[in-house]
1. Among (1) under 17 Å from Ile156 (Cβ atoms); (2) modelled with pLDDT of 95 or more; (3) touching a Gly at 6+ places or on another chain (Cβ under 9 Å); (4) not charged (D, E, K, R), where does Tyr125 come up short?
2. For a quick check of your reading of the model, give me the residue pairs whose first member lies in region 7-22 and is assigned to a strand (DSSP E or B), whose second is of a type in the set (Phe, Trp, Tyr) and open to solvent by 80 Å² or more (accessible area, probe 1.4 Å), with beta-carbon atoms closer than 9 Å and at least 6 apart or on different chains.
3. If you go through region 99-107 one residue at a time, do you hit one that is part of a helix (DSSP H, G or I) and under 22 Å from Gly164 (Cα atoms)?
4. Considering only region 23-52, how many residues are open to solvent by 30 Å² or more (accessible area, probe 1.4 Å), over 12 Å from Ala117 (Cβ atoms) and part of a helix (DSSP H, G or I)?
5. Of all residues in region 57-89, how many are within 14 Å of Gly164 (Cα to Cα), in a helix (DSSP H, G or I) and open to solvent by 70 Å² or more (accessible area, probe 1.4 Å)?
6. Can you tell which of Ala91, Ala111, Ala107 is over 19 Å from the mean Cα position of the chain (by Cα) and of a type in the set (A, V, I, L, M, F, W, C)?
Amino acid sequence: TFGVQPSEVESTIEPKPGVTIFRDKAYGVPHIYGETRADTMFGAGYAGAADRLFLMDVLRHTGRAELASFLGGSNASADASQWGFAPYTEADLEKQIQMMATEHGAAGKQAVEDLYAYVEGINTYIANANLDTKLKPAEYSFINKPMEAWKPTDIIAIASLVGGIFGTGGGNELHSALTMEAMVERLGEKAGRKAWEGFRSKNDPEAPTTISKPYPYETRSA
């Protein structure tokens with residue numbers, strides 16, 4: 001079942017009214033409860049920052065092609081790679097949020113509300129960590145960097161990083177989707193999809209799933 005039994009609760013915090021985060025004794029997993037959807041998204045942001053704020057910071061800098069400025073010049077190649085397939089300016093990232101709300105109906109508006117509540121949770125944790133050093137990840141002291149507040153566009157930058165990883169190394173899905181759209185446009189919905197299904201690469205359930213040689217996928221460290 002979801003949740004955690006009272007006898008298995010390790011800790012309980014309420015980062016703001018309406019939000020409760022339990023952690024279980026077995027693994028310290030956060031179980032987040034909110035009086036509203038926005039409260040729950042806030043709790044997810046807060047708990048995520050509590051568990052892995054520094055990693056999240058690495059990812060947002062990588063997504064913005066600014067990792068070298070955060071962790072040093074040896075990461076310049078990672079920045080060049082990210083900029084190569086996601087050369088987004090701040091205005092570009094902001095526009096994606098605006099379009100989400102205006103072009104995708106109620107679901108898009110809800111996603112934007114979720115995004116802002118999630119980022120609010122992250123920033124609340126950062127504010128608390130700036131007041132209580134026990135909450136501050138040690139890595140920031142090691143590299144002598146401050147914990148800077150997050151913006152909704154940081155999440156979009158991370159999404160571009162994830163999209164780039166799976167879009168370039170995960171089977172050329174974007175080109176496959178464009179091919180399907182072209183076939184549907186030319187042949188019609190039913191015939192176009194049937195043609196695409198015969199043309200595309202498809203997993204064979206009877207094919208062996210073990211390879212004899214290692215595959216060099218995403219071997220570069222962030």
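1. (1)
2. Val19/Tyr33; Thr20/Tyr33; Ile21/Tyr33; Phe22/Tyr33
3. Within region 99-107, one or more residues are part of a helix (DSSP H, G or I) and under 22 Å from Gly164 (Cα atoms).
4. Summing the residues that are open to solvent by 30 Å² or more (accessible area, probe 1.4 Å), over 12 Å from Ala117 (Cβ atoms) and part of a helix (DSSP H, G or I) in region 23-52 gives 3.
5. Counting residues in region 57-89 that are within 14 Å of Gly164 (Cα to Cα), in a helix (DSSP H, G or I) and open to solvent by 70 Å² or more (accessible area, probe 1.4 Å) gives 2.
6. Ala91
Matching residues to (1) in contact with an Asp or Glu (Cβ under 8 Å, 6 or more places away or on another chain); (2) among the hydroxyl-bearing types (Ser, Thr, Tyr); (3) within 16 Å of Gly63 (Cα to Cα):
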| residue | (1), (2), (3) |
| --- | --- |
| Phe85 | no, no, yes |
| Gln98 | no, no, no |
| Gln110 | no, no, no |
| Tyr116 | no, yes, no |
| Leu135 | no, no, no |
| Phe142 | no, no, no |
| Pro146 | no, no, no |
| Gly164 | no, no, yes |
| Glu189 | no, no, no |
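Listed here are the residues, each with its yes/no results for (1) open to solvent by 60 Å² or more (accessible area, probe 1.4 Å); (2) in contact with a Gly (Cβ under 9 Å, 6 or more places away or on another chain); (3) in a helix (DSSP H, G or I).
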site	(1), (2), (3)
Glu139	yes, no, yes
Met147	no, no, no
Trp150	no, yes, no
Ile158	no, yes, yes
Val162	yes, yes, yes
Met180	no, yes, yes
Ala191	no, no, yes
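The values are calculated or read from the model by the stated rules, or taken from the named source; none is laboratory data. Because the structure is predicted, anything quoted here is derived from the model rather than measured. For neighbour counting, all protein chains shown are included, and Cβ atoms are generated from backbone atoms with ideal geometry for every residue, glycine included. Ligands, DNA and RNA are excluded from the accessible area calculation, which covers all protein heavy atoms including side chains. Shrake-Rupley method; radii C 1.70, N 1.55, O 1.52, S 1.80 Å.
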